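Structure record follows, encoded as structure tokens.
The values are calculated or read from the model by the stated rules, or taken from the named source; none is laboratory data. These numbers were taken from a predicted model, which means no experiment stands behind them. With ideal geometry, Cβ positions are generated from the backbone for all residues, glycine too; neighbour counts draw on all protein chains shown. For the accessible areas, the whole protein counts, side chains as well, though only heavy atoms, and no ligand, DNA or RNA atoms are used. Shrake-Rupley method; radii C 1.70, N 1.55, O 1.52, S 1.80 Å.
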Amino acid sequence: MSTPTAPPPPPAPSVEGKRPVLAWALWDWGSAAFNAVVTTFVFSTYLASSYFVDPAIVAAAGDDDRNPELVKALADNAALVGNALMIAGIVVALLAPVLGQRSDGTGRRKLWLGINTGVIVLAMAAMVFVEGTPSYLILGATLLAVGNVFFEFASVNYYAMLSQVSTRENIGRVSGFGWGMGYVGGIVLLLLLLVLFIQGFGNPDAAGLLAVPKDGGWNIRLAILASAVWFAVFAIPVLVRVPEIPAQSRKVRIGFFQSYVVLWGTLRSLWRDSRPVLLFLVASAVFRDGLTGVFTFGAIIAAQVFGFSSTEVLYFAVAANVVAGISTMFSGRLDDRFGPKRVIVFSLVGLIVLGTVILFIGTSQPLFWVAGLGLGLFVGPVQSASRTYLSRATPEGREGEIFGLYATTGRAVSFLAPGLFALFVRLTGDTRLGILGIVLILAVGLALMIPVQNRGAAIR
């Protein structure tokens, strides 16, 4: 069966000036509501807290945070969150490339970015119903997984738009600026949530300047609802200010399932004509899954292993976002000058070293602050340089298709980080040793990245 082909697409509309770049980057700014608040520092740690442990176990443990039954119950909850995210990854792997390919062909990137962002916002808003009792844990994990699925779908369209607001000469700086904006947005939002909903001000039963009751996790749930509004507001500029690409005229109209035939043709073409790009996709799939593990389980480890309170987790989050935002914006210049591969390799080495250090620092909070902020230096540059590497290699008009494939290759191994984290935790009963699985994944990704071409790779 021959693969349906399309004629070369017409040029994308030119986008000049700084306003479209800012409008595009504000989606990154707003997405901190999901990345920083839901996935990393607030909602995931809420699900892994004693709110969702049998009250009898909590009462028996009293003030003993190292009570074996309590530690095991908390570890089981963390593993359940990992399993939910693993299932979400499988869904993304199956659907992302086809959805990205079809958004190219219809010229509706902004439409699908808007739809997927809307579903994320609705999932976040629904988290207000996740009461802090064990019976609501599965609902919370399900909403977290749904949010992750549609965040990946939205990211396919958003990343594809990078070429619409940048040139080959400044793409590293534009990408770094966007990712840095995400971290800065995270700082502002986390500070607002801390002051309004989470920080204690002498009242043991309420939190924040709004004096929201803590009973049933109401203060956390309302913080997530506020974050949903934040994301919705800052997603608007990219939908209004950045022009849509024109639809391609396909010789053959293809259905949803036929799109997988096109996908298979793309993979064969990459193997035949653009093998360096295919190798990058494989390498990035592995190390990006390790990064997902850092984001998803970092705050859980801080809370369960190093005894951080929910307020202390947010203080750490703000500091980590400051470090990550600065390093990511700076790394964009290094990307343009030295190439994305060098930025990625250097950053992965830093992540592996510091991740290993955390295994050997006991329960010292000061040492975790040092190592954790060090991790923040390297996480953003890897992500930003990865999307610039692929964007540089992608011909105009195929960005959605290729970034959909990028999402799929990442999610094809997305069971690794949550799966190995859950495995090590279940085998040992110690949440800390979940770090070992994440470090191993990052090391494999680094090994695969070393032979990847730095510059000049292009999809033909």
Problem set entry | Meets criteria (buried (at least 24 other Cβ atoms within 10 Å of the Cβ) and touching an Asp or Glu at 6+ places or on another chain (Cβ under 7 Å)) for Gly186 | no
For this session: Could you check, for the range 279-293, whether at least one of its residues is under 25 Å from the mean Cα position of the chain (by Cα), open to solvent by 30 Å² or more (accessible area, probe 1.4 Å) and at pLDDT below 85?
Result: yes
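Per-residue answers, yes or no, for (1) open to solvent by less than 10 Å² (accessible area, probe 1.4 Å); (2) over 21 Å from Tyr136 (Cβ atoms):
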position	(1), (2)
Val21	no, yes
Ala32	yes, yes
Asn35	no, yes
Val38	yes, no
Tyr51	no, no
Ala60	no, yes
Asp64	no, yes
Leu74	no, no
For this session: Name every residue in the range 240-249 that is within 27 Å of Ala123 (Cβ to Cβ) and either of a type in the set (Ser, Thr, Tyr) or open to solvent by less than 60 Å² (accessible area, probe 1.4 Å) (or both), in order of residue number.
Result: Val242, Glu244
Problem set entry | Top-ranked residue of the range 399-434 - restricted to ones that are touching a helix residue (DSSP H, G or I) at 6+ places or on another chain (Cβ under 6 Å) and part of a loop (DSSP other than H, G, I, E, B), ranked as modelled with the lowest pLDDT | Ser414
For this session: Inspect the range 19-33 for any residue being at pLDDT below 90, out of contact with any helix residue (DSSP H, G or I) (no Cβ under 7 Å at 6 or more places or on another chain) and not aromatic (Phe, Trp, Tyr) and give the result as yes or no.
Result: no
Exercise. Of the residues Ala160, Ala154, which single one is modelled with pLDDT of 90 or more, under 30 Å from Arg392 (Cα atoms) and assigned to a helix (DSSP H, G or I)?
Worked result: Ala154
Problem set entry | Residue ID - farthest from Phe421 (Cα to Cα), chosen from residues in the range 89-118 that are surrounded by 24 or more Cβ atoms within 10 Å (Cβ to Cβ) and modelled with pLDDT of 85 or more | Leu113
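Yes/no per residue for (1) assigned to a loop (DSSP other than H, G, I, E, B); (2) touching a residue at least 60 places away in the same chain (Cβ under 8 Å); (3) open to solvent by less than 20 Å² (accessible area, probe 1.4 Å); (4) touching a helix residue (DSSP H, G or I) at 6+ places or on another chain (Cβ under 9 Å):
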{"site": "Leu192", "(1), (2), (3), (4)": "no, no, no, yes"}
{"site": "Gly202", "(1), (2), (3), (4)": "yes, no, no, no"}
{"site": "Leu210", "(1), (2), (3), (4)": "yes, no, no, yes"}
{"site": "Ile220", "(1), (2), (3), (4)": "no, yes, yes, yes"}
{"site": "Ile224", "(1), (2), (3), (4)": "no, yes, yes, yes"}
{"site": "Trp230", "(1), (2), (3), (4)": "no, yes, no, yes"}
{"site": "Val238", "(1), (2), (3), (4)": "no, yes, yes, yes"}
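For (1) among the aromatic types (Phe, Trp, Tyr); (2) crowded, with 18+ Cβ neighbours inside 10 Å; (3) over 14 Å from Gly290 (Cα atoms), each residue gets a yes or a no:
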{"position": "Leu348", "(1), (2), (3)": "no, yes, no"}
{"position": "Arg398", "(1), (2), (3)": "no, yes, yes"}
{"position": "Ala422", "(1), (2), (3)": "no, yes, no"}
{"position": "Asp430", "(1), (2), (3)": "no, no, yes"}
{"position": "Val439", "(1), (2), (3)": "no, yes, no"}
Problem set entry | Residue in the range 141-172 that is surrounded by the most Cβ atoms within 10 Å (Cβ to Cβ), counting only those that are of a type outside the set (A, V, I, L, M, F, W, C) and farther than 18 Å from Val21 by Cβ | Asn148
For this session: Among the residues of the range 441-460, write down those that are modelled with pLDDT of 90 or more and surrounded by fewer than 21 Cβ atoms within 10 Å (Cβ to Cβ).
Result: Ala443, Val444, Leu446, Ala447, Leu448, Ile450
